[in-house]
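I have placed the structure first, in the form of structure tokens, so that the comments after it can refer back to it.
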Amino acid sequence: MVVFSPATYADRAAPAPGTVDTSDNAAAPDTDDAALVPATMVGQLRNGLGQCLTSQDPKGSDGTPVWNSNCAGNSTAQTVIYEGDGHIRIGDRCVDVLGGYTEEGTVAHMWTCYPSLESQKWDLNENGQLENRASGLCLTIPDDTTRDATQAVISQCSDSSKSQRWTLTDTSGQ
């Protein structure tokens, strides 16, 4: 299982660093590998269908949709910053669940980042799924479709859903 150590940035509303920062890592109790995982990781979130999590507009306003689309190198709309506390940033916003709702099928969108808002925190589980802390549901592209611009939702975690399997791919060398 991958363990992420929390980052300690004083102001979460400020842009996160553009490079991987491992200085804040502290070994979690009873884990040998916690210090090996960066506090912040930058890249593209690719699902098991080969598509990337994308913000409709990375400089957009609160409520901007987040969806799937074909991966496009160093696209700012697809550059994800996964922070050790569970926030997923694209541009200057965080991936959030509409209204903080916890019902299956609720859409994911971009929203101003708040340090303690559980609907904005996502834990990568041992199956490669991103579980929302507020709901326990997984970030999903409905019906495992590869149709571009299908808005992401939260739904029951399923071992058979390829759209729920997320890998952070480093794009810094491109």
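The values are calculated or read from the model by the stated rules, or taken from the named source; none is laboratory data. All values derive from a computational prediction rather than experimental measurement. Virtual Cβ from ideal backbone geometry, glycine too; neighbours counted across all protein chains shown. The accessibility values were calculated without ligands, DNA or RNA, using every heavy atom of the protein model including side chains. Shrake-Rupley method; radii C 1.70, N 1.55, O 1.52, S 1.80 Å.
Annotations for the structure displayed:
- Counting residues in the range 150-160 that are in contact with a Ser or Thr (Cβ under 8 Å, 6 or more places away or on another chain) and among the charged types (D, E, K, R) gives zero.
- Only one of the listed residues (Asp62, Asp33) is at pLDDT 95 or above, of a type in the set (Asp, Glu) and surrounded by fewer than 19 Cβ atoms within 10 Å (Cβ to Cβ). That residue is Asp62.
- Counting the residues of the range 95-105 that are open to solvent by less than 20 Å² (accessible area, probe 1.4 Å) and in contact with a Leu (Cβ under 8 Å, 6 or more places away or on another chain) gives 2.
- In the range 116-125, the residues that are more than 12 Å from the chain's Cα centre (by Cα) and either surrounded by fewer than 14 Cβ atoms within 10 Å (Cβ to Cβ) or of a type in the set (Asp, Glu) (or both): Ser116, Glu118
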